[in-house]
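Take a look at the structure set out below.
The values are calculated or read from the model by the stated rules, or taken from the named source; none is laboratory data. Keep in mind that what you see is a predicted model, and the values were worked out from it rather than measured. Note that each Cβ is placed from the backbone with ideal geometry, even for glycine, and that neighbours are counted across all protein chains shown. Just the protein is used for accessible areas: all its heavy atoms, side chains included, with ligands, DNA and RNA removed. Shrake-Rupley method; radii C 1.70, N 1.55, O 1.52, S 1.80 Å.
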Amino acid sequence: MSPSAWHNIEADEALLKLDSSSTGLTTEAAQRRLAEHGLNTIPETAHRSLFAMLLGQFSDFMIMILLAAALISGFVGEPQDTIAILVIVLLNAIIGTAQEFRAERAVTALREMAAPEAHVLRDGEVVTITAPQLVPGDVVMLDAGNIVPADLRLLQVEEMQADESALTGESQPVDKQSARLSETGLSIGDRFNLAFKSTLITRGRARGVVIATGLETEIGHIAELLRGEGSVKTPLQLRLARFGRYLALAVLAICAVVFVAGLLQGQPVMLMFLTAVSLAVAAIPEALPAVVTISLALGAHKLIRHNTLVRNLPAVETLGSVTYICADKTGTLTQNRMSVELFFAAGERHTHLSDPPSSPLWVEIGQAMTLNNDVLEKDGKPAGEPTELALHEAAHRAGFNKTLLEQTMPRLATIPFDSKRKQMATLHPSSTGVVAYVKGAPERILPQCNQAAGHDGPIPLASGDVTAEVEKLASEGYRVLVLAKREFTALPEPVDAETVERDMIFLGLVALIDPPRSEVPQAVADCLTAGITPVMITGDHPGTAMTIARRMGITEDEDAMLSGDQLDRLSDEAFARMVGFIRVYARVSPKQKLRIVKALQTNGEFVAMTGDGVNDAPALKRANIGVAMGEKGTDVAREAADMVLLDDNFATIVTAIRAGRHVFDNIRKFIKDTMSSNSGEIWTLFLAPFLGLPIPLLPIHILWINLVTDGLPGLAFTAEPAEPEIMRRTPRPPKESIFAHGMWQHIIWVGLFVGGISIASQAWAISRGAEHWQTVVFTVLTVSQLFHSLAVRSESESLFRIGLFSNLPMLGAVLLTLLLQMAVIYLPALNAIFHTQPLPMFDLTVCLALSSLVLVAVEIEKWLMRQGLIYGQEKPAAESGH
């Protein structure tokens, strides 16, 4: 039978279809079914070994290029380069293995949520068995506090409520019933006669027959979705993979040309071979993986101070590319607790009870909320059902103390709440005899009232006005309760609903809601400023969802909301066309959350999914970045996520997005710096032979420049402060090249400029007959790259505006590298190793002056960028219309 149809049949028919009875299965029948259906668990798949996971990390194209570079470095006698590259590659492989291992733990956490034991009828008697032994047809007994051990069709229900928030996102416990539901295609949260595996019984008791076990349960379906969803590569991984492929082809072509040009000039074959392979090593930015890893690690470390735990390092950078944030409403955007926000009494709305109460009417309302309430004090804190806790807190804030009130007005009798009456009554002594306070659903209590309480006594009830107010409050997303009372001269006999709940006086309406977190509206505004579209996804009712969305500034347009039922009726093609306009999804299932994320990704969006429930886990894993809640989130959600917000604060995501953009900017600056420097070396070696000049550099010079200019200054880029406009620009398109916004033009012209001044210095030195001409070229190339590192610290701001001391590690790295270069030139022991000669002071001054021209040229480029004359400045998010 279809799992979505059990709620449409009578309880007796469900037993018949399962070949069971109200007394349960026999032991023999249960054993047969156990052999047929298997254990009521989420089975484990065959795991890849840690070693297999580790080996898989070496298939990345950039990693293979680096391994080739390590081999070449060893071949040309530079073992220190070989060791450094191998350490970097191994570190990255270990990080990748850890991330893959984490995905398996998500399913493990889901499996551990299962109830450990179950009370079932076997052979007509109640026995306790382990939950994995349950089979379809077993009759299970449920009590308050139990975790539901399997999916059940409820047979008998006694005032039972279930907390299904982890599965559906619904913040309120759900009233359960045994009666058949006639509507077809209901969402999980609306199947009131079913109980679902791993949800919690908060009140009452019930008896139900098992309709699904293991992977056939709703939570089992989520486990299959979770296991089936592979993680999506981050934009940085995609960009670096493309970069690696293009770089390899370019390097091979250039090395071949340099090698052939040298041979045509009559250079020794071995020298040209070593020059070509040295150039290949120099052209490949070996420090790039280290810079990426350190940048991400530093970003993650900073985020811990802002209550964000990064479980997957590339996720730090991914946040910087996010274009959509799909946020789960309950517990993420809202507080996951009910709160009283409005009162309606004597024809007026009020936002709170006055303290002290301003009239006898408000005293009556405060007493009704306090006394008709089963909240208890546990360890000095109130404990009870969420709605009653909200009523208790609102009354307490207005000065109504339950302990003191019960001393003067103790409870004489109770008519408990039940799902048919949808109301509760308590009776207490009063100055005129006995008063009954009643609270419950408006559609039940209002017809039982014939008067309304006014500030000066009872008045005729304008039921039409009250009903209109109820409908208005409900349309605004509130849960509405009615408070009423009836007075007696003595305790009525008998104390039952028929005697007490009639001819009552209407006191007022109480409007409750799961309120937004106070910091969320500003966080949403910040997202919009940064060009990021926030979208609410919830299992809650459309009215509630729209109210919260309006309050948080997500949308005012009701046409921008889509319900789960409407989504089901849309084809993938139709949904893909409209997904960009939808801002609120209500009453959605876990599969639909996944469909929303996939549809956005199909449209080229990079999606962050926030959530805390089991139902969020598949979408968290599929999203480009999954963000789980640390305090109220489930283990399953945390294990599936890339990041965990330790304070459950949605606003923290804005801080994380800033960190992500900052990390990507710094990685991009490093690539810009190192590729421009490498380009200068390549142009110098490539053009000199064609101009009739000897090969400017020896292989050891190339490797030295590569080591000192890419190494320390490259790593210092990780400490560069964020650009001032970082949160006022649109997210970078995921498919945008890492060389966009003028970077490839910069690399080419700076390379030609550095090559030009290097060759000019070579020609100048040779024309003077200087034997140290090669040291001159060597020095100009090295020092010009240091000036370039300083110049590209900001994309568009002048170095003199941001200041030399705003990145002390960079200043230190440049000075240390300059000192090392002077040692190579002037220390006799190093002269022999590096084939250098000491430079006269005039020649050194000329080298430094020529090198500084790079800084001047890049500053002119940045001035032109600020004027909007070249490359086209990035538009702020507000102007881009994102």
Open item on the list: At 1.4 Å probe size, with the rest of the protein present, what percent of the exposed accessible area of the range 724-882 is carbon and sulfur atoms?
Closed with: 70
TODO: Determine how large the accessible area of residue 612 is when every protein chain is in place; take a 1.4 Å probe and give Å² rounded to the nearest 10.
DONE: 20
Open item on the list: Only four residue types carry charge here, +1 at the Cβ of Lys and Arg and -1 at the Cβ of Asp and Glu. Report the dipole size of the range 293-411 about the Cα centre in Debye, rounded to the nearest 20.
Closed with: 520
- [ ] Classify the range 482-596 as rounded, prolate or oblate from the Cα gyration tensor: take a ≥ b ≥ c as the square roots of its eigenvalues, call it rounded if a/c is under 1.5, otherwise prolate when a/b beats b/c and oblate if not.
- [x] prolate
Open item on the list: Can you order the peptides 245-255, 128-138, 378-388 by their average number of other Cβ atoms within 10 Å per residue, highest first?
Closed with: 128-138, 245-255, 378-388
Open item on the list: Can you tell me what share of the DSSP beta bridges in the chain is antiparallel? A percent to the nearest 5 is fine.
Closed with: 75
Open item on the list: Can you give the log10 of the normalised intensity I(q)/I(0) at q = 0.12, 0.14, 0.20 Å⁻¹, computed with Debye over equal Cα scatterers of the range 586-708?
Closed with: -0.62, -0.70, -1.08
Open item on the list: So if I place +1 on the C-beta of Lys and Arg and -1 on the C-beta of Asp and Glu, and nothing else carries charge, what would the dipole magnitude of the chain be about its Cα centre? I want it in debye, nearest 20.
Closed with: 2280
Task: Accessible surface, 1.4 Å probe, highest first, among residues 154, 848, 86 - done: 86, 848, 154
Task: residue 39 accessible area, 1.4 Å probe, all protein chains in place, Å² to nearest 10 - done: 90
- [ ] Any chance you could give the angle, 0 to 90 degrees and rounded to 10, that helix 79-112 forms with the longest Cα principal axis of the chain?
- [x] 10
Open item on the list: Suppose all protein chains stay in the model; what accessible area per residue would a 1.4 Å probe give for the chain, in Å²?
Closed with: 40
Open item on the list: If packing is taken as the average count of other Cβ atoms within 10 Å, what order do 181-189, 670-678, 582-590 fall into, highest mean first?
Closed with: 670-678, 582-590, 181-189
Task: Principal-axis tilt of helix 386-397 within the chain, Cα atoms, nearest 10 degrees - done: 90
- [ ] Please list 515-526, 211-222 highest first by mean number of surrounding beta-carbon atoms within 10 Å per residue.
- [x] 211-222, 515-526
Open item on the list: As I understand it, the value is the acute angle between the Cα axis of helix 542-552 and the longest principal axis of the Cα atoms of the chain; what does it come to in degrees, rounded to 10?
Closed with: 50
- [ ] Return P(r) of the range 751-882 (all Cα-Cα pairs; 5 Å bins starting at 0; whole %; ordered from short to long distances).
- [x] 2, 10, 17, 17, 17, 13, 9, 7, 4, 2, 2, 1, 0
- [ ] Loop only per DSSP, at most 14 neighbouring Cβ atoms within 10 Å: give me the trypsin sites (Lys or Arg not before Pro) in the range 452-503, ordered by residue number.
- [x] 502
- [ ] Would you please give the FRET efficiency between residue 35 and residue 475, computed as 1/(1 + (r/R0)^6) with r the Cβ-Cβ distance and R0 = 45 Å, to the nearest 0.05?
- [x] 0.25
Open item on the list: Strictly over 24 Å apart at the Cα level, which of 176/402; 197/621; 669/735; 598/632; 598/672 would you flag in this model?
Closed with: 176/402; 598/632; 598/672
